[in-house]
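The values are calculated or read from the model by the stated rules, or taken from the named source; none is laboratory data. Predicted, not measured: the structure shown is a model, and the values here were computed from it. Cβ atoms come from the backbone with ideal geometry, glycine included; neighbour counts cover every protein chain shown. SASA here: full protein model, heavy atoms, side chains in, ligands and nucleic acids out. Shrake-Rupley method; radii C 1.70, N 1.55, O 1.52, S 1.80 Å.
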Amino acid sequence: MKKIGIISDTHSYWDDRYLKYFECCDEIWHAGDICSTELAERLSAFRPLRAVCGNCDGGDLRLMFPEVLRFRCEQVEVLMKHIGGYPGRYDRSIARQIFSNPPQLFISGHSHILKVQYDKTLGLLHINPGAAGIQGWQKVRTLVRLTIDGAQMSDCEVIELG
């Protein structure tokens, strides 16, 4: 069983509450627009970090993290990409990969809009954790926590940072 902390769109902004809310987590997954190698290093020093680079991430972060990341957590196939869209409107840059070999969990960021949605057609859970940084138009900064136990995903929690 693994407890996962999911974050996106920090845009170089650090909040000590990231560590508070991810203290119970085994891993942290960042869905892009980290915008600071220092922020990535702080997160990875706290918990193992899996991340993708976003459209605002510069050269150093692009060397550290791929644009698309596919991996297994427990028995769940996970696909993560910063600009990914959501069920019914997947981004062209990832749609073919999603439709030809659907993961059980698809994580994206970019929109700054929190979204947890099940795609009945493909049998996958989509999570966009919203934005944890202060750049952008969102009024509430958010994080997500999720438990993965074998092939089951449960205890999805949305955390509002204000």
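Dividing the C-alpha radius of gyration of the range 51-158 by 2.2 N^0.38 Å, with N its residue count, gives 1.05.
With the whole protein complex present, V158 retains an accessible surface near 70 Å², based on a 1.4 Å probe.
Quick check on the chain: of the DSSP beta bridges with both residues there, what percent are antiparallel, nearest 5%? Taking every DSSP beta bridge within the chain, about 65 percent pair in antiparallel fashion. In this structure, the amide hydrogen of C156, modeled 1.01 Å from its nitrogen in the peptide plane, lies closer than 5 angstrom to those of T147, counting only residues at least 5 positions away or on a different chain. For the chain, the solvent-accessible area of protein heavy atoms averages 47 Å² per residue (probe radius 1.4 Å; ligands and nucleic acids excluded). Along its principal axes, the range 102-162 has C-alpha extents of 34, 21, 12 angstrom, given from the largest down. Every helix of 4 or more DSSP H residues in the chain counts as -39500 (n - 2.57), and over all residues that averages to -5000 deg cm²/dmol at 222 nm.
Bridging of K81 to lysines at a Cα separation below 24 Å is possible for K2, K3, K115, K120, K139, once same-chain residues fewer than 8 apart are set aside. For the range 1-117, the dipole from Cβ point charges (+1 on Lys and Arg, -1 on Asp and Glu) about the Cα centre works out to 460 debye, to the nearest 20. For T147, the shell of other residues with beta-carbons less than 13 Å away shows a net charge of -3, using +1 for Lys and Arg and -1 for Asp and Glu. Taking label points 7 Å from Cα along the Cα-to-Cβ direction, D91 and R72 give a separation of 2.7 nm.
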